[in-house]
1. Where Lys and Arg each count +1 and Asp and Glu each count -1, what net charge lies around Ala232 among other residues with Cβ under 12 Å from its Cβ?
2. Suppose all protein chains stay in the model; what accessible area per residue would a 1.4 Å probe give for region 89-176, in Å²?
3. Once ligands and nucleic acids are excluded and a 1.4 Å probe is used, how much of Thr224 is accessible, expressed in Å² to the nearest 10?
4. What is the spin-label model distance, in nm, from Ala94 to Leu193 if the labels are put 7 Å beyond Cα along the C-beta direction?
5. In whole percent, and with a 1.4 Å probe on the protein chains, what portion of the accessible area of region 31-118 is carbon and sulfur?
6. Would you mind calculating the gained length between Val145 and Ser130 on full extension (0.36 nm times residue separation, minus the Cα-Cα distance), in nm to one decimal?
7. Net charge near Tyr139, counting Lys/Arg +1 and Asp/Glu -1 over other residues with Cβ under 10 Å of its Cβ?
8. Excluding Ala127 itself, calculate the net charge of residues whose Cβ lies under 15 Å from the Cβ of Ala127, where each Lys or Arg counts +1 and each Asp or Glu counts -1.
Amino acid sequence: MITTPSSPDHPHYAWGPSASSTWRKCAGAMNYIAEETCKGNILPEEESPFAAEGTKAHDYAERVLTGEIQPDEVPGEFWEHLEGYVSLANDIAADMGEGALVMNEQLVPLFYSPDNAGTLDYGVVSANGSRVSILDLKYGVGVYVPAEDNTQLAIYALSLMADMEKWEGFKFEPDTVVTINIYQPRHREFNGLPEQWSMTYRDLTKLSVDIHRDYIQSVVADSTSRTASTEACRWCQARVICPTRNQNMFEMIPTSVNPLVPTNHVVQSLPDLRTLTDNARVGILKHHKEIIKWLNDVVADSINSIESGKAIEGLKTVDSKRGNRKWDEDLDTRLFRKFK
């Protein structure tokens, strides 16, 4: 049996699985985003070329898996990355045996908020309910996503199983084996095998208690109840304007090597690398990714401001050829410009 979503354009839910690392780690984040959006301080996010590319990849994979198209109908630049994903999906379904329920791009009501739904990339449930396997395609090249302790996919697995238990006569046992797979074929760390996390339904149910608790706390949290962290801030829509994130960003780095910490009202210059203490090196190495992300956000936000008509004294943008430049995937293609 194969099922597909009845409405792939379902409304986005702020507390959905993809934002779970934000609302679980920073209780007030979603309400803060809502407030700042109403004030006009956060504009609706435009779909980047990278997101559009990922959407196409998922669509091609689904259509091949459901038999709507053949592999040779998929553009070669996509199929070279999707072939392994499709093969893995078919292998998982075959391993589950006869009568297994197979789902592609399936809408599932969220276990902690059944009136809202999320889209599961691929799921298979054995006929007797003794095994459940879900597979998630990550088509991006930027951030490598581990499967273990992945809240987003745990939510999809729990939501799928909770929904199926509403079906007449279906029951998962505590020792049902649940396997979460993540396939990220374009990332430099990809070795041809999926990231994998297996547990029992019993263990997954224990995790659901924590997730549900964090969800309830976040829904009612004051917008000022915010905690900055790598996990919470990485994909947060408010990260550019959030004072909690921006105040804490450079506090991670020892003052002695922090160029944005003024000394006697003068912003100090970067030190000679040979003079860095071990403490300074540890601080920088531990948090360099967050700082790079913050700097990228400054550039992107500055371009957004200029292009929306807000002047930044001393800066303007001029079009330039892209050449062989390679930018971080999180940046919009408008960053193939230069400041003058």
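1. Surrounding charge for Ala232 is +3.
2. Using a 1.4 Å probe on heavy atoms only, each residue of region 89-176 averages 40 Å².
3. Accessible area of Thr224: about 100 Å².
4. Distance between the two pseudo-spin positions: 1.9 nm.
5. Carbon with sulfur: 47 percent of the solvent-accessible area.
6. 2.7 nm
7. Charge balance in the 10 Å sphere: +2.
8. Residues close to Ala127 contribute a combined charge of -1.
The values are calculated or read from the model by the stated rules, or taken from the named source; none is laboratory data. Just so we're clear, the structure is a prediction, and the values are computed from it rather than from any experiment. Reconstructed Cβ throughout: ideal geometry from the backbone, glycine too, with neighbour counts over all protein chains shown. Note: areas computed on protein heavy atoms with side chains; ligands, DNA, RNA excluded. Shrake-Rupley method; radii C 1.70, N 1.55, O 1.52, S 1.80 Å.
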